[in-house]
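The values are calculated or read from the model by the stated rules, or taken from the named source; none is laboratory data. Everything numeric here is computed off the predicted structure, so don't read it as measured data. Cβ coordinates were reconstructed from backbone atoms using ideal geometry, including for glycine residues, and neighbour counts include every protein chain displayed.
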Amino acid sequence: MTAYVGSGPYCFANTLATVAGRGWPAAVVETLTGSAFGYQLFDGLPYFDPAGWDPDLGVDQALELLGWTSERRTYDDGETAYGDLVGLAADGPVFVGPLEMGLLLHQPGPDRPLGADHFVTVLAAGADGVLMHDPEGFPYAWLPKDAFIAAWAAPVAYCVGRFPLRTAIRPAADIGVDAALAASLPRAAAWAAAPENAAGLRELAGRAATGLEDEVTTVLVDFSLRLAARRRVDAAVALRPLDATLAGLLDRQARLLGRAQYAAVQHEPAHLAGLFEQVADVHDELAGHLSA
């Protein structure tokens, strides 16, 4: 297998790596979140991460495996949240999110909610606005205060509380990346074991065979397929020294999902359905291997 080097929607992994400042590869952080080990339908849309998983749970898991802790804060109103952010950013970078990506007005495109979550590293905040590293490809991006608060206030379906951020991200134990990856395997087994993963993939295959709704196709082609392939190839490379069989299964899934991108864009329902069936079959193999 060949490692992938390039861009991709790894917002929370990149943000966590940036704030921690330890040189963790984003691919390793993403693997530690457990995101590569399943499939779920969330709010009627297909995402190739495990049933019951969400980015906040994934960040918690990655930090725990690395021996780090954080304090997650939420707020009742934007002014209080922003005032706290100003003080926290004066002491160092702050992990902020999820925010509504469609309202981050430094990014070209829609200036309305898209239902897309995003995470950023806030470097400074003041009366005029916010300076941040946006992992979507915008270093030292700036937003006016009111615009930032609007993006921060917008609801994100999985998020508990409003105006979320993490502070006090620091090591509590001396655990290296290799040890963290080894410790992640039982977590991966637990995520992969949920029967909803493969069942959901087969349900998606059945829907694909008869033609998917436009909204579902848009999510697949713009976001979830490329992210799914990226997560799996990164996990395969990261975990290969520990479990070559697991790495091979993850790489097989990545190849199938990468091929599905073309089928989805070109509206080839039979081809897409067949690929999703194969992804489900490989997931069954993967879950069985992890539980053995």
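Restricting to the range 2-17, name every residue that is touching a residue at least 60 places away in the same chain (Cβ under 8 Å) and within 19 Å of Asp174 (Cα to Cα).
Leu16
Check whether at least one residue in the range 244-266 is surrounded by 20 or more Cβ atoms within 10 Å (Cβ to Cβ), in the same structural domain as Ala280 (by TED's automatic domain parsing), out of contact with any Pro (no Cβ under 7 Å at 6 or more places or on another chain) and of a type in the set (S, T, N, Q), and report yes or no.
Checking the range 244-266: at least one residue is surrounded by 20 or more Cβ atoms within 10 Å (Cβ to Cβ), in the same structural domain as Ala280 (by TED's automatic domain parsing), out of contact with any Pro (no Cβ under 7 Å at 6 or more places or on another chain) and of a type in the set (S, T, N, Q).
Restricting attention to the range 53-60, does a residue exist that is in contact with a strand residue (DSSP E or B) (Cβ under 9 Å, 6 or more places away or on another chain) and aliphatic (A, V, I, L, M)?
We begin by selecting, within the range 53-60, every residue in contact with a strand residue (DSSP E or B) (Cβ under 9 Å, 6 or more places away or on another chain); these are 53-56, 59-60.
Next cut, aliphatic (A, V, I, L, M) only: 59.
Checked against the condition, which is being in contact with a strand residue (DSSP E or B) (Cβ under 9 Å, 6 or more places away or on another chain) and aliphatic (A, V, I, L, M), the range 53-60 yields at least one hit.
Test of understanding: among Ala124, Ala89, Ala150, Ala141, which residue is farther than 30 Å from Ala238 by Cβ and part of a strand (DSSP E or B)?
Answer to the check: Ala124.
State whether one or more residues within the range 157-170 are more than 26 Å from Thr33 (Cα to Cα) and of a type outside the set (S, T, N, Q).
No; the residues of the range 157-170 include none that is more than 26 Å from Thr33 (Cα to Cα) and of a type outside the set (S, T, N, Q).
Filter the range 267-277 for residues that are surrounded by 15 or more Cβ atoms within 10 Å (Cβ to Cβ) and in contact with a helix residue (DSSP H, G or I) (Cβ under 7 Å, 6 or more places away or on another chain) and give the result. Working first, answer last.
Applying the first criterion (surrounded by 15 or more Cβ atoms within 10 Å (Cβ to Cβ)) to the range 267-277 yields 268-269, 271-277.
Of everything in the range 267-277, those that are surrounded by 15 or more Cβ atoms within 10 Å (Cβ to Cβ) and in contact with a helix residue (DSSP H, G or I) (Cβ under 7 Å, 6 or more places away or on another chain) turn out to be Pro269, His271, Leu272, Ala273, Leu275, Phe276, Glu277.
Keeping to the range 98-128, report how many residues are surrounded by fewer than 18 Cβ atoms within 10 Å (Cβ to Cβ) and over 22 Å from the mean Cα position of the chain (by Cα).
Total satisfying the criteria: 5.
Among residues belonging to the range 256-280 that are assigned to a helix (DSSP H, G or I) and free of Cβ contacts under 8 Å to residues at least 12 places away in the same chain, point out the one that is farthest from Tyr4 (Cα to Cα).
Looking at residues that are assigned to a helix (DSSP H, G or I) and free of Cβ contacts under 8 Å to residues at least 12 places away in the same chain, I get His271.
Which ones in the range 16-75 are of a type in the set (Ser, Thr, Tyr) and in contact with a Leu (Cβ under 9 Å, 6 or more places away or on another chain)?
Thr31, Thr33, Ser35, Tyr39, Tyr47, Thr69, Ser70, Thr74, Tyr75
One line per residue, one yes/no per condition, for (1) under 30 Å from Arg240 (Cα atoms); (2) touching a Ser or Thr at 6+ places or on another chain (Cβ under 8 Å); (3) not aliphatic (A, V, I, L, M):
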site	(1), (2), (3)
Ala3	yes, no, no
Gly6	yes, no, yes
Leu16	yes, no, no
Glu30	yes, no, yes
Thr33	yes, no, yes
Tyr82	no, no, yes
Leu85	no, no, no
Pro93	no, yes, yes
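Kindly list the number of the only condition in (1) more than 30 Å from Ala124 (Cα to Cα); (2) part of a strand (DSSP E or B) that fails for Ala168.
The number of the failed condition is (1).
Within the range 46-105, track down each residue that is touching a helix residue (DSSP H, G or I) at 6+ places or on another chain (Cβ under 7 Å) and hydroxyl-bearing (Ser, Thr, Tyr).
Of everything in the range 46-105, those that are touching a helix residue (DSSP H, G or I) at 6+ places or on another chain (Cβ under 7 Å) and hydroxyl-bearing (Ser, Thr, Tyr) turn out to be Tyr47, Thr69, Ser70, Tyr75, Tyr82.
Conditions tested, residue by residue: (1) at pLDDT below 95; (2) surrounded by fewer than 21 Cβ atoms within 10 Å (Cβ to Cβ); (3) of a type in the set (Ser, Thr, Tyr).
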| residue | (1), (2), (3) |
| --- | --- |
| Ala36 | no, no, no |
| Gln40 | no, yes, no |
| Gly44 | yes, yes, no |
| Gly52 | no, yes, no |
| Asp84 | no, yes, no |
